[in-house]
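The structure under discussion appears below in the form of structure tokens.
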Amino acid sequence: MKYLRPLTFSSLLLVFSVAASAGDWAQFRGPGGAGVSDETGLPLTWSSEENLIWKTSLPGYGASSPIVVGDKILVTCYSGYGLDIENPGDQTELTLHLVCYDRASGEALWNKPLEPRLPDQDYQRFLPEHGYASGTPASDGKSVYAFLGRSGVLAFDLDGNKLWNVDVGSNTHIFGSANSPLLVDGYVIVNASVESGSLVALEKDSGKEVWRADGIEDSWNTPTLVTLSSGQKELVVNTSGKILSFDPQTGDLLWNCESAETYICPSVVVHDETIYAIGGRGDEVVGVKAGGRGDITETHRLWVAEESSNVPSPVYHEGYLYWVNDDGMAHCVDVTTGDTVYKKRVDGAGKTYASAILADGRLYVVTCQNGTFVLDARPEFKVLAHNEFAEDDSVFNASPAVSDSQLIIRSDKFLYCIGNQAN
């Protein structure tokens, strides 16, 4: 069943795409959290013998994505506990890491072991799916910020000097913690749904709390910033039952819109002031026009479609939403109508937790243990390539970073730089 509210002709004429500038990929899913790069010349195929620029070992496991800031790559990891489901070890040995690598060579520049705030959730049930380092760092080019669940939000300069550490809540969950920080003007904003049921804004320079918005329920997604044509900014996060929009400067609630009554992992994406949100296991995708006030379900919700993605987030491209869900099912939805264009299984993909990245007219989809599939970014399902590192049998949970026509991909064991060696 699909519900449709017609779009106006003027809204269809407004076209705008969020794309990464060359070089940096400084937050979860790149600029705007959109998972989109305007770079070209990326490799279609690779292996241990083809188009592998460098490979380097990581000091621990993690589901967080790497970010690229100038000549540095930064990523979080964990070690000492929770590396083996059969023998997880002693939680008091758990160590968190923020690690920095040289962008050109993959050489480790610094590794900051961080003492966690214990006790955390034991390594059982859903924790083995992603572990204790799932939030992707964010950087403004001067400092780097990491959200490590009940261990708090930490800030470092790019030389690895610790600036501050702030507690945003002490609760834990059997799903663990997974959200990434978002930098808005002078603030670091984190979705601490697990830790305190709130969005929290901190001053970037000091870590001082500026505002806190409560009522963030069952939300494992990273907030997204929407900038309206008027210049006004909205901070949007999807929660169980409601998509919520806040003023990023004050934390005041601007509007809410009904959404799936379930826990929410996928982050929303934005195009032309329209928000697209997937409701996880709620089998619901919605298109919502930003800029309203109060309950905008009847006035700004454009359509509702019955499709789902329990973990991965979508990308927008030329009038369509694309994603591959956690079961390895590729989707394409027309954003004008909410109609499903295709829904096809990616043969051999299996479990997929990383979100697709759009670059060079292709969708790069990293699966947990069956390599990376490259799909054609057109409303016609086509697998262009399937790439694997046969010697790496660990888990790949992270979304790739795109930088200088290369892909930066991490597994539990290694960090890879992939590029066209013929270029």
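The values are calculated or read from the model by the stated rules, or taken from the named source; none is laboratory data. Because the structure is predicted, anything quoted here is derived from the model rather than measured. Cβ placement follows ideal geometry from the backbone for every residue including glycine, while neighbour counts extend to all protein chains displayed.
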Q.
Restricting to the stretch 149-191, count the residues that are part of a strand (DSSP E or B) and free of Cβ contacts under 8 Å to residues at least 40 places away in the same chain.
A. 1
Q | Neighbours by Cβ (under 6 Å, 6+ apart or cross-chain): first from the stretch 271-297, within 13 Å of THR224 (Cβ to Cβ); second part of a loop (DSSP other than H, G, I, E, B) and charged (D, E, K, R) | A | ALA290/GLU273
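Within 17 Å of the chain's Cα centre (by Cα), surrounded by 21 or more Cβ atoms within 10 Å (Cβ to Cβ) and either farther than 21 Å from LEU98 by Cα or not acidic (Asp, Glu) (or both) - does that describe any residue in the stretch 201-209? Show your work before the answer.
Residues of the stretch 201-209 that are within 17 Å of the chain's Cα centre (by Cα), as a first pass: none.
No: zero hits.
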Q) Out of all the residues in the stretch 287-316, which are under 15 Å from THR336 (Cβ atoms) and either in contact with a His (Cβ under 7 Å, 6 or more places away or on another chain) or among the charged types (D, E, K, R) (or both)? A) VAL288, LYS289, ARG301, TYR316
(Q) Pairs please, first residue from the stretch 324-335 and under 16 Å from THR352 (Cβ atoms) and free of Cβ contacts under 8 Å to residues at least 24 places away in the same chain, second anywhere and assigned to a strand (DSSP E or B) and of a type outside the set (Asp, Glu), Cβ atoms under 8 Å, 6+ apart in sequence or on different chains. (A) MET329/LYS343; MET329/LYS344; MET329/ARG345
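Let's see how each residue does on (1) under 24 Å from PRO248 (Cβ atoms); (2) part of a strand (DSSP E or B):
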residue	(1), (2)
GLU261	no, no
ALA277	yes, yes
GLY282	no, no
GLY287	yes, yes
GLY291	yes, no
THR299	yes, no
LEU302	yes, yes
GLU307	no, no
CYS332	no, yes
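Going by the conditions given, is ASP339 more than 22 Å from the chain's Cα centre (by Cα), in contact (Cβ under 8 Å) with a residue 24 or more places away in the chain and either surrounded by fewer than 18 Cβ atoms within 10 Å (Cβ to Cβ) or within 24 Å of ASP283 (Cα to Cα) (or both)? Quick ask: steps written out before the conclusion?
Numbers: more than 22 Å from the chain's Cα centre (by Cα): yes; in contact (Cβ under 8 Å) with a residue 24 or more places away in the chain: yes; either surrounded by fewer than 18 Cβ atoms within 10 Å (Cβ to Cβ) or within 24 Å of ASP283 (Cα to Cα) (or both): yes.
Spelling it out, ASP339 is indeed more than 22 Å from the chain's Cα centre (by Cα), in contact (Cβ under 8 Å) with a residue 24 or more places away in the chain and either surrounded by fewer than 18 Cβ atoms within 10 Å (Cβ to Cβ) or within 24 Å of ASP283 (Cα to Cα) (or both).
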Q. Do you know which residues across the stretch 203-231 are in a strand (DSSP E or B) and of a type in the set (A, V, I, L, M, F, W, C)?
A. VAL210, TRP211, ALA213, LEU225, VAL226
(Q) I'd like the residue in the stretch 375-384 that is without any contact (Cβ under 8 Å) to a residue 24 or more places away in the chain and part of a loop (DSSP other than H, G, I, E, B) and, out of all such residues, is surrounded by the fewest Cβ atoms within 10 Å (Cβ to Cβ). (A) LYS382
(Q) Can you say whether VAL226 is among the aliphatic types (A, V, I, L, M), surrounded by 24 or more Cβ atoms within 10 Å (Cβ to Cβ) and under 21 Å from the mean Cα position of the chain (by Cα), as far as the supplied structure shows? (A) no
Q: Any residue in the stretch 117-128 that's within 18 Å of TYR263 (Cα to Cα): show its pairings with residues that are assigned to a loop (DSSP other than H, G, I, E, B) at Cβ separation under 7 Å, as long as the two are six or more apart or on different chains.
A: ARG125/ILE174; PHE126/ILE174; PHE126/PHE175; PHE126/GLY176; LEU127/GLY82; LEU127/GLN121; LEU127/GLY176
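Here's the yes/no breakdown for (1) among the hydrophobic types (A, V, I, L, M, F, W, C); (2) within 20 Å of the chain's Cα centre (by Cα):
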| position | (1), (2) |
| --- | --- |
| ASP376 | no, no |
| VAL383 | yes, no |
| VAL395 | yes, yes |
| SER399 | no, yes |
| ILE408 | yes, yes |
Q | Residues satisfying the stated conditions in the stretch 385-405, i.e. touching a residue at least 24 places away in the same chain (Cβ under 8 Å) and surrounded by fewer than 24 Cβ atoms within 10 Å (Cβ to Cβ) | A | ALA385, HIS386, ASN387, GLU388, PHE389, ALA390, GLU391, ASP393, SER394, VAL395, ASP404, SER405
Q: Please work out which residue is farthest from the chain's Cα centre (by Cα), limiting yourself to the stretch 276-308 and to residues that are modelled with pLDDT of 95 or more and polar (S, T, N, Q).
A: THR299
Q. Would you pick out the residues in the stretch 68-86 that are touching an Asp or Glu at 6+ places or on another chain (Cβ under 8 Å) and in a strand (DSSP E or B)?
A. VAL68, VAL69, LYS72, ILE73
